[in-house]
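All remarks here apply to the structure that follows.
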Amino acid sequence: MKKIIKYILLFSSVNLSIFNTSLLQAAEPVSTDSWQHSATIYAWLPSIDGELKYELEGDDPLPIDASKILDSLNMAFMGTYEARKEKWLILGDVIYLDLGEKKNRDIRLYNKVELNLNGWQLGLYGGHNLYQTSSSSLYLLAGFRYLSIETEANLTSNILSPLNLSQDSDLWDGVIGLRGNTKINENWYIPYHADIGTGDSDMTWQAMIGIGYHASWGDTILAYRHLEWDQGDDDLLQNLSFYGPGIAFKFHF
């Protein structure tokens with residue numbers, strides 16, 4: 001609980017500092033009076049960190065360090081959809097990940113483990129513009145994040161019978177955050193997004209920052225994104241995070 005409060009206070013102080021700084025700028029009204037739409041697709045190469053804790057009948061939970069096993073990304077998809085009108089923003093965000101690997105690892109009396117993990121992340125937000133100038137914009141967001149994770153662990157040993165484990169987790173969390181961008185010049189800009197929340201998770205948060213180039217056909221963005229969930233000590237997901245660089249292509253219509 002103290003950890004959650006610490007992150008919320010830190011997040012709030014950053015929000016207030018950004019908002020107070022924006023008050024020093026000459027604000028311009030958002031003049032768009034019709035819905036403006038954009039869709040973004042990403043090629044993302046995330047790393048994984050964290051621990052999976054499997055429940056065993058009549059025994060202590062079995063922890064498996066996912067970061068020491070999962071190196072192989074079988075499939076990944078990430079995309080976002082945005083709709084803006086005047087001061088309002090609707091944002092949808094979806095990620096699909098499929099990872100699997102087999103390695104020699106000593107886990108209790110087992111010396112080989114095959115771990116497979118796949119899941120969906122879905123985010124849906126509503127936003128309101130806090131300020132807008134000719135060079136930057138900032139939106140306050142509120143919404144939810146849904147995570148569905150399916151895991152399977154197969155452990156083998158030279159002296160014990162194989163152990164086959166499977167466990168799933170579905171998490172709904174309410175989140176608040178900020179989303180905006182700052183222009184460098186007519187073509188280059190810096191997009192960013194950060195949010196934090198709780199619900200089925202003790203805490204979940206994400207952060208993204210990048211650099212984008214605006215062309216006549218759309219935008220190309222190089223970005224770094226970090227997503228994290230933390231459940232209680234007796235739950236499956238222990239500080240599970242996905243993070244890494246990616247390249248995105250954004251289309252306006």
Expressed as a percent, the accessible surface of the chain that is carbon or sulfur, using a 1.4 Å probe and the full set of protein chains, is 58 percent
Could you identify which residue out of Thr133, Thr40, Thr220 has the top mean-square fluctuation in a GNM of the chain using Cα springs shorter than 10 Å?
Thr133
Let a ≥ b ≥ c be the square roots of the eigenvalues of the Cα gyration tensor of the chain; is it rounded (a/c under 1.5), or, if not, prolate (a/b larger than b/c) or oblate?
prolate
Can you figure out the FRET efficiency of Tyr81 with Glu57, using R₀ = 41 Å and their beta-carbon distance, to the nearest 0.05?
0.40
Stretched out fully, how many nm does the piece from Thr198 to Asp65 gain, at 0.36 nm a residue minus the Cα gap?
45.5 nm
Let me check I've understood the local charge: for Thr156, count other residues with C-beta under 13 angstrom from its C-beta, Lys and Arg +1, Asp and Glu -1. What total comes out?
+3
For the chain, what does the accessible surface come to per residue with a 1.4 Å probe? Please give it in Å².
53 Å²
If R0 is 41 Å, what FRET efficiency do you get for Trp172 and Lys112 from their C-beta distance, rounded to 0.05?
0.70
Stretched out fully, how many nm does the piece from Trp217 to Ile184 gain, at 0.36 nm a residue minus the Cα gap?
9.9 nm
Dividing the helical contributions, -39500 (n - 2.57) per DSSP H run of n ≥ 4, by the residues of the chain yields a 222 nm value, nearest 500 deg cm²/dmol, of -3000 deg cm²/dmol
Per 0.36 nm of contour for each residue apart, how much would the distance between Asp233 and Ser135 grow if the chain were fully extended, relative to their Cα-Cα spacing?
30.8 nm
Loop only per DSSP, at most 13 neighbouring Cβ atoms within 10 Å: give me the trypsin sites (Lys or Arg not before Pro) in segment 97-191, ordered by residue number.
Arg108
Choice from Ile196, Ile221, Ile107 showing the highest fluctuation, given a GNM over the chain with Cα pairs closer than 10 Å
Ile107
Tell me the angle of helix 2-22 to the major Cα principal axis of the chain, expressed in degrees between 0 and 90 and rounded to the nearest ten.
20 degrees
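The values are calculated or read from the model by the stated rules, or taken from the named source; none is laboratory data. Since the model is a prediction, treat every value here as computed from it, not as a measurement. Backbone-built Cβ (ideal geometry, glycine too); neighbour counts: all protein chains shown. When the accessible area is computed, the model is the full protein with side chains, heavy atoms only, and any ligands, DNA or RNA have been set aside. Shrake-Rupley method; radii C 1.70, N 1.55, O 1.52, S 1.80 Å.
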